[in-house]
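One structure is given here, and the rest of the page talks about it.
The values are calculated or read from the model by the stated rules, or taken from the named source; none is laboratory data. Quantities reported herein were computed from a predicted structural model and do not represent experimental measurements. We place every Cβ from the backbone using ideal geometry, glycine too, and count neighbours over all the protein chains shown.
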Amino acid sequence: MRSWTPERIAEAAGARLAAPAPHRHGPSRVTVDSREIAPGDLFVGLPGDTHDGGRFAVQALAAGAWGVLVAPQHAEDARCAPAGVLLAADEPLAALQQLARAWRRALDAKTIAITGSTGKTSTKDILAALLTPHRKTFVSRGNFNTEIGLPLELLAAPEGTEALVLEMAMRGAGQIAELTRIAEPDVGVIVNIGPAHLELLGSIEAIAAAKAELIADLHSAATAVIPANEPLLDPHRRDDIATVTFGPGGDVTLVSQSADGDVAIDAQGERVQLKLDFHQQHLRGNLLAAVAAAHAIGVRPAGEVTVAFSGRRGERVRLRTGVTVIDDCYNANPMSMRAALDDLAATAGKGRRVAVLGDMLELGPEEARFHAEIGAHAAERGVELLVAVGERSRALAEAFDGETQVVGDAAQAAVLVPKLVRAGDTVLVKASRGIGLEAVVKALTADDGAG
């Protein structure tokens, strides 16, 4: 945003300049964390549950911030601070979102938004790999997918960006709609619908409706990319926008695949030939969604595809002891648990299949049934040793027909698991983010001398 003047930024954010601007250029970056301030940053002070970030305006300017965007009283307090642009807004978060939308419009980049119950980050990573050889592409980071993170990522996109790929997360109804209004995507991708956030939303139909807010708020020239044969999304389809389906029976389908990564895809009658560097079967649906989204903005991917997957999402670590650790502990729900166990079954070597599985959160009244189903599925997929972590996972262990260890939390698992694994074992580590099973991965790699 260096090319924008302070006056233009104030107008775009719906804010006012609380004092004459000391310079004519814009900021180099936007942040909401005063601890991260670097010279040239715009600090946005957001009110929170425990403190008001606007109170740190003076410290931000003292650290060299280009300026601050804060509530009027904090802007007034900052008049005595070192020189910087003082932007006052009654609702700093709304101003941040409005500024992000204005920057997205100025970029005029083709924007793709991705949501889903599972696999949205992997789909984003694959799509980035498909687009980058053809367009100047900016991709949102990690979990910057909320009402705060998404506008920060939009504002981080540099001038000249041709394709924007954004992830959208939700915790309840109305949140995807809010993010869609900020990003104004040209393509909306729903990867799948599954029993995540049931505790908050109450039913799978309500989950589908919340995800489908992305479809509802697309502009009339946009494209919706959705799974084929997903009846939960049928009530939310729109006749006035293009809809592309992916998966068996859809508009974008897998024609053939080989063990060495050669994949052929039929994309609405066009043949796509790719050479992939990943082999997990559960990522094939994400690949089809990504190809459909790329086609929707006029990109025709071909040839070798190298994907930089986000951390803790199926990342494999080969230890010197001969143990292979599958670090998939970023998050979990019944769909992603099944996919991870299927991948373990398909890729494990000659040693044992070991699963360290923790609680899946936010599943509501039927959480015991969901955990039990995963325990049964682990047995079906040939898991030989199960370590269940957490109170909810007791139901998972009870349904597992094999050697089982049950521990109360990640700390206990981190002590136990390195003692149980043997050379040649393949160890899957997976749970909801709140369980903290990265402690187990850390313990395994530290015991190996790799961490």
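Looking for whichever is under 30 Å from S3 (Cα atoms) and acidic (D, E) here; the options are E213, E205, E178, E199. Which one fits?
Of the residues listed, the single one that is under 30 Å from S3 (Cα atoms) and acidic (D, E) is E178.
Taking the stretch 400-438 as the range and being of a type in the set (G, A, S) and touching an Asp or Glu at 6+ places or on another chain (Cβ under 7 Å) as the test, the residues that pass are G402, A431, S432. Put simply, of V387, V356 the only residue that is more than 30 Å from G172 (Cα to Cα) and part of a strand (DSSP E or B) is V387. Residue count for the stretch 328-345, restricted to those that are assigned to a helix (DSSP H, G or I) and under 25 Å from the mean Cα position of the chain (by Cα): 11.
This table checks each residue for (1) surrounded by 17 or more Cβ atoms within 10 Å (Cβ to Cβ); (2) of a type outside the set (G, A, S); (3) not assigned by TED's automatic domain parsing to the domain that holds N192.
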position: V225; (1), (2), (3): yes, yes, no
position: L233; (1), (2), (3): yes, yes, no
position: T245; (1), (2), (3): yes, yes, no
position: D251; (1), (2), (3): yes, yes, no
position: A259; (1), (2), (3): no, no, no
position: L283; (1), (2), (3): yes, yes, no
position: G298; (1), (2), (3): no, no, no
position: V323; (1), (2), (3): yes, yes, yes
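Among the strands (runs of 3 or more DSSP E) confined wholly to the stretch 19-70, which include 1 or more residues that are at negative phi and of a type in the set (S, T, Y)? Walk me through it before giving the result.
Working: elements: 29-31, 41-44, 67-70.
In the stretch 19-70, the matching strands (runs of 3 or more DSSP E) lie at 29-31.
When D52, D108 are screened for being farther than 30 Å from V299 by Cβ, out of contact with any Gly (no Cβ under 6 Å at 6 or more places or on another chain) and either among the aliphatic types (A, V, I, L, M) or surrounded by fewer than 22 Cβ atoms within 10 Å (Cβ to Cβ) (or both), only D52 passes. Return the residues of the stretch 3-40 that are closer than 19 Å to D77 by Cα and acidic (D, E); say none if nothing qualifies. The answer is D33, and nothing else.
Of the residues contained in the stretch 129-149, one or more are found to be farther than 21 Å from P334 by Cβ, of a type in the set (S, T, N, Q), assigned by TED's automatic domain parsing to the domain that holds A224 and surrounded by fewer than 21 Cβ atoms within 10 Å (Cβ to Cβ).
Selection within the stretch 329-380: residues that are of a type in the set (D, E) and surrounded by fewer than 20 Cβ atoms within 10 Å (Cβ to Cβ). The member of this set that is farthest from G194 (Cα to Cα) is E380.
Every residue, every condition in (1) within 16 Å of A340 (Cα to Cα); (2) over 28 Å from the mean Cα position of the chain (by Cα); (3) free of Cβ contacts under 8 Å to residues at least 60 places away in the same chain, yes or no:
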| residue | (1), (2), (3) |
| --- | --- |
| V354 | yes, no, no |
| G364 | no, no, no |
| H371 | yes, no, yes |
| H377 | yes, no, yes |
| R392 | no, no, yes |
| A399 | no, yes, yes |
| A431 | yes, no, no |
| A446 | no, no, yes |
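If we keep just the residues of the stretch 286-317 that are assigned to a helix (DSSP H, G or I) and touching a Phe, Trp or Tyr at 6+ places or on another chain (Cβ under 7 Å), which is nearest to I190 (Cα to Cα)? Please lay out each step first, then the result.
Narrowing the stretch 286-317 to residues assigned to a helix (DSSP H, G or I): 286-296.
Those left that are additionally touching a Phe, Trp or Tyr at 6+ places or on another chain (Cβ under 7 Å): 288-289, 292.
Values: L288: 12, A289: 8, A292: 11 Å.
Here the answer is A289.
Against the conditions (1) at pLDDT below 95; (2) surrounded by fewer than 22 Cβ atoms within 10 Å (Cβ to Cβ), where does G119 fall short? Just the number, please. Only one criterion is unmet by G119, namely (2). Each residue in the stretch 184-209 was checked for being in contact with a strand residue (DSSP E or B) (Cβ under 9 Å, 6 or more places away or on another chain) and surrounded by 23 or more Cβ atoms within 10 Å (Cβ to Cβ), and 8 of them qualify.
Taking the stretch 141-172 on its own, how many of its residues are part of a loop (DSSP other than H, G, I, E, B) and under 26 Å from A206 (Cβ atoms)?
Going residue by residue through the stretch 141-172, those that are part of a loop (DSSP other than H, G, I, E, B) are 141-148, 157-162, 168-172.
With the extra rule that they be under 26 Å from A206 (Cβ atoms), the set shrinks to 143-148, 168-172.
Looking only at that region, the number is 11.
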